[in-house]
Each structure stands twice: as structure tokens, then as C-alpha cells.
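A.B. asks: Below you will find the structure I want to go over with you.
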Amino acid sequence: METPSGKSLDGKIALVTGGSRGIGRAIAVELARAGAFTFINYVRNEEAASETLRIVEGRGGRGRLLSFDVSDFDAVQDAIRGITDEKGRIDILINNAGITLNNIFVRTKPETWDNVININLKGVFNCCRSATRYMMKQRWGRIINMTSVVALSGNVGQVCYSASKAGIIGLTKSLARELGPRNICVNAVAPGFIETDMTVSIDDAGREKVTDRIPLGRTGTPDDVAGVVAFLVSGRADYITGQVIHINGGLYM
């Protein structure tokens, strides 16, 4: 459903964590294009985040950079409180920030496990915990948690990453049940093999091996994901909650 301006998210306030590059950048650009004022979160790479903002503004959108570590609960609370103090509300939360530290399980160090879980899973908890208090008062909100195809299929060398992303699915479904009565929809998006900085290091042989398993015969792009996210936070998806939406070209069914 579009607003009088013709933009489906006009007047909405959005936060995209990990918005400096890849999927996060594409989502931030798409939400801003649809009319949302979009806060672009980053931790260290201000140059890349600034490029995201330049793209947003170059396409007629509005936004601002916001630096904080999603694994730090107090920092998250302060950042989201700052958004609501300035804008009066927060409508859309996209939990995209994440890392992958791959290794076979017997060589995985406890600190690697802690680091991945703290950012990928605890980070989602922190952001949801902080944002939902405002969304509940508004009686409206949309939360999208980025999981992964490997949360369901598993993958060699990605025990930590797979576990963190599988945890996000359980969090999403339980939170959707709790927040549904307050008109807050919570969904997860599970990308497959998407062309980002995380996949650029894969050699041609490895890339071809993955592509051969994808029925659509190609890898995905960040825009493939961003379009689905923009739909899920729009008025056209008001009756969708607690779902995991797969964007993988048929890699996993």
C-alpha cells in the first residue's frame, strides 16, 4: 500500500545494522528509495558507510550514519534511544550485521565461537530488545532478521556461523508470537549464495561448483535480497509474520 507521496515507506524510520556494504547497503538504499528515513549502522568502516549514504542521497533518499557495535547492549540502547529522541519513533529494524569466521570444527577456538555468537545472535537480541519497547508503545513495527541458507542445510567449516544463524530463526519465530498482538511483524530472510565481500574470495572452481547446484543457474545479488526485505516491511506484507523467506535460487528447498 502506497502513501499519498507514492512511496510505500514514506514517513517511516528505519535502522539497518551492518549497512556499509553488500546486502546491508542494498537494503538501506532500497528502504530509503521507498521513502523511509534510514539510519545506516557501521562499526569501523566509515568510508564504506559514507558511500552507502552517498548512494541513498543520490537516489533521492534520506538517511544518516550511526556507528555502534551490535554486540554491546548499552551501546545499542543508547543508539536506538537517540533515534527515538530525534525522530519520535522507530518503525523498521533490519538486523543485518554479521561476521563469518570459518574453520573446521576441531580447529575452532572458543573465542571464535564467542565472537560469532556475540555479533550474529546476541547482536540481534540486543537490537530487538532495545527497539521493541518503542514499537510496542507505537503498536506498529517491522523487524527483519537476516539468517542464512546454512542455518538449515549446514555447511562444512561453518559450525559457528550456522549455529548463530539457526538461533536467529528460533528467536524470530518466538518473538513473532509475542509481538503479534501489538501489530509488530517479525520475519527472517535466509539468503543463499549472494555476491558480497564474504563470497568474493571463493575461486572460480568453487563458484562453479556452487552454481551447478542452483536450479536458477546463477548466484544472487544484494538487490535480490533488498527487494524482498522492502516488500516484507511494506503494507503489502501486513499479514506475514514468523516466517523464514528463502532467497537462494532453489539451492535449498
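A.B. asks: So, with +1 on the Cβ of K and R and -1 on the Cβ of D and E, and no other charges, what is the size of the charge dipole of the stretch 155-240 about its Cα centre, to the nearest 20 debye?
C.D. replies: Dipole magnitude for the stretch 155-240 comes out near 460 debye.
A.B. asks: Sticking with this one: How much length is gained on full extension from Trp140 to Trp113, taking 0.36 nm per residue of separation minus their Cα-Cα distance?
C.D. replies: 6.2 nm
A.B. asks: Let me ask another. Residue by residue through the stretch 40-55, what is 3J(HN,Hα) from phi via Karplus (6.51 cos²θ - 1.76 cosθ + 1.60, θ = phi - 60°)? Round to whole Hz and write x for glycine and proline.
C.D. replies: With coefficients 6.51, -1.76 and 1.60, one gets 9, 7, 8, 10, 10, 8, 5, 4, 5, 5, 5, 5, 4, 5, 4, 5 Hz.
A.B. asks: In addition: Between the stretch 171-228 and the stretch 7-66, what is the separation of their alpha carbon centroids in Å?
C.D. replies: 19
A.B. asks: Once you order the gyration tensor axes a ≥ b ≥ c over the Cα atoms, which shape class does the stretch 149-253 get: rounded for a/c under 1.5, otherwise prolate or oblate by comparing a/b with b/c?
C.D. replies: The shape class here is prolate.
A.B. asks: Based solely on its DSSP helices, what 222 nm [θ] is calculated for the chain when runs of n ≥ 4 H residues each add -39,500 (n - 2.57) and the sum is averaged over all residues, nearest 500 deg cm²/dmol?
C.D. replies: Mean residue ellipticity, 222 nm, calculated: -14000 deg cm²/dmol.
A.B. asks: Return a whole-number percent for the relative contact order of the stretch 98-201, with Cα pairs under 8 Å and 6 or more residues apart as the contact set.
C.D. replies: 34
A.B. asks: Relative to the present Cα-Cα distance, how much length would full extension add between Asp204 and Asn183 at 0.36 nm per residue of separation?
C.D. replies: 3.0 nm
A.B. asks: Tell me the net charge near Val76. Cut-off is 13 Å between Cβ atoms, Val76 excluded, with +1 for each Lys or Arg and -1 for each Asp or Glu.
C.D. replies: 0
A.B. asks: Per residue of the stretch 16-27, what does 6.51 cos²θ - 1.76 cosθ + 1.60 with θ = phi - 60° give for ³J(HN,Hα)? Whole Hz please, x for Gly and Pro, Karplus curve as stated.
C.D. replies: 10, 7, x, x, 7, 8, x, 4, x, 4, 4, 5
A.B. asks: Could you order Lys209, Lys173, Lys87 so the one with the most accessible surface comes first? Probe is 1.4 Å.
C.D. replies: My answer, sorted largest first, is Lys209, Lys173, Lys87.
A.B. asks: Would you kindly derive the ³J(HN,Hα) couplings of the stretch 104-110 from the backbone phi angles with the Karplus curve 6.51 cos²θ - 1.76 cosθ + 1.60 (θ = phi - 60°), listing them in order in whole Hz, with x for Gly and Pro?
C.D. replies: 3J(HN,Hα) across the stretch 104-110, in whole Hz: 5, 4, 5, 9, 7, 8, x.
A.B. asks: Keeping all protein chains in the complex and leaving out DNA, RNA and ligands, what accessible area do you get for Asp85 with a 1.4 Å probe, in Å² to the nearest 10?
C.D. replies: 120
A.B. asks: A follow-up question, please. What accessible area, in Å² to the nearest ten, does a 1.4 Å probe give for Leu175?
C.D. replies: 30
A.B. asks: On a 1.4 Å probe surface of the protein chains, which of Trp140, Trp113 comes out largest in accessible area, and what is the full order?
C.D. replies: The ordering from most to least exposed comes out as Trp113, Trp140.
A.B. asks: What is the Å³ per residue value for the convex hull set by the Cα atoms of the stretch 12-65?
C.D. replies: 52
A.B. asks: May I ask for the distance between the Cα centers of the stretch 232-246 and the stretch 101-147, given as a whole number of Å?
C.D. replies: If you average the Cα positions of each part, the centres end up 20 Å apart.
A.B. asks: What is the percent of Cα-Cα separations in the stretch 204-253 that go past 15 Å?
C.D. replies: The answer is 55 percent, as a whole percent.
A.B. asks: What number comes out for the charge environment of Ala97, summing +1 per Lys or Arg and -1 per Asp or Glu over other residues with Cβ under 14 Å away?
C.D. replies: Counting the neighbours of Ala97, the net charge comes to +2.
A.B. asks: Among Asp91, Asp203, Asp224, what's the order by accessible area (1.4 angstrom probe), most exposed first?
C.D. replies: Per-residue accessible area, sorted high to low, gives Asp203, Asp224, Asp91.
A.B. asks: Another question about this same structure. Just the number, please: carbon plus sulfur as a percent of the accessible area of the chain, 1.4 Å probe, no ligands or DNA/RNA counted.
C.D. replies: The computed percentage sits at 50.
A.B. asks: Counting just the Cα atoms, what span does the chain cover along each of its three principal axes? Round to the nearest Å and put the largest first.
C.D. replies: That works out to 49, 37, 36 Å along the principal axes.
A.B. asks: Right, another one. Quick check on my link table: of Lys109/Lys165; Lys7/Lys122; Lys137/Lys173; Lys122/Lys173, which ones sit more than 26 Å apart, alpha carbon to alpha carbon?
C.D. replies: Lys7/Lys122
A.B. asks: Per Stokes-Einstein, at 4 °C and 1.567 mPa s, what whole-number D in µm² s⁻¹ belongs to the stretch 35-182, with the Kirkwood radius over Cα pairs as the hydrodynamic radius?
C.D. replies: Calculated translational D: 79 µm²/s.
A.B. asks: Moving on to the next point. Let me know the Kirkwood hydrodynamic radius for the stretch 1-117, please, with Cα pairs as the basis and the value in Å to one decimal.
C.D. replies: Kirkwood radius, the stretch 1-117: 15.1 Å.
A.B. asks: Report the full-extension gain for the segment Arg59 to Arg218: residue separation times 0.36 nm, less the Cα-Cα distance, to one decimal in nm.
C.D. replies: Working it through step by step, the gained length comes to 54.5 nm.
The values are calculated or read from the model by the stated rules, or taken from the named source; none is laboratory data. It should be emphasised that the depicted structure is a prediction, and the values quoted were computed from it without experimental measurement. All Cβ positions, even for glycine, are placed from backbone atoms using ideal geometry, and neighbour counts span all protein chains on display. Side chains are part of the model used for accessible areas, which takes the heavy atoms of the whole protein and leaves out ligands, DNA and RNA. Shrake-Rupley method; radii C 1.70, N 1.55, O 1.52, S 1.80 Å.
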